[in-house]
1. Set the Förster distance to 30 Å, then compute FRET efficiency between Lys67 and His87 from the Cβ-Cβ distance, nearest 0.05.
2. Over all directions, how big on average is the projection of the convex hull of the alpha-carbon atoms in region 37-120, in square nanometres?
3. In this model, which of Lys55/Lys106; Lys67/Lys106; Lys80/Lys106; Lys47/Lys70; Lys47/Lys85; Lys70/Lys106 are farther than 19 Å apart at the alpha-carbon?
4. Calculate the spin-label point distance for Glu111 paired with Thr40, positioning each point 7 Å from the Cα along the beta-carbon direction, and give it in nanometres.
5. Work out the FRET efficiency for Lys80 and Glu50 from their Cβ-Cβ distance, taking R0 = 25 Å, and round it to the nearest 0.05.
6. Say the dipole of region 32-115 comes from +1 at the beta carbon of Lys and Arg and -1 at that of Asp and Glu; which of Gly45, Gln108, Cys77 then lies farthest toward its positive end?
Amino acid sequence: MSRRVLQFSLAVAVLSVMSIPVLARPSSKDSLSTTISLVTAVNVGNKMIEPGEYKVVVQDNSAKFEKDGKVVAEAPCTLKTLPTKAHETAVSVDHDKLTEIQISGKTQALEFSSGAASGN
């Protein structure tokens, strides 16, 4: 192998290894989403949402609940680390208030407090 090819290969390898942390760094634009199905009406913050299927999109500690492409509710949430990956997406409700969403295949759950939220 010629010296020039060896230097080029070494340069490519070094640049590749150096770019891994940049590519692995989470972006502020990263979001987490799932689809949930509600069988009864629940309160999300101060907004009651009716039974049905909703897309939940989380970004910057805020969860948006979308139905038919429109945001119907928004609520603050925190990410909670689970000990293992959730086997299925599950919704926890306490006295008609949404308290948690576990997302299938993820080790994070969305936790909702009884604080205020905005409905659209």
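1. 0.70
2. 5.2
3. From Lys55/Lys106; Lys67/Lys106; Lys80/Lys106; Lys47/Lys70; Lys47/Lys85; Lys70/Lys106, over 19 Å: Lys67/Lys106; Lys47/Lys85; Lys70/Lys106.
4. 2.4
5. That gives a FRET efficiency of 0.45.
6. Positive-most Cα among the choices belongs to Gln108.
Since every read-out is calculated from the coordinates, none of them should be taken as a lab result. Predicted model only: the values in this text are computed from it and were never measured. Virtual Cβ from ideal backbone geometry, glycine too; neighbours counted across all protein chains shown.
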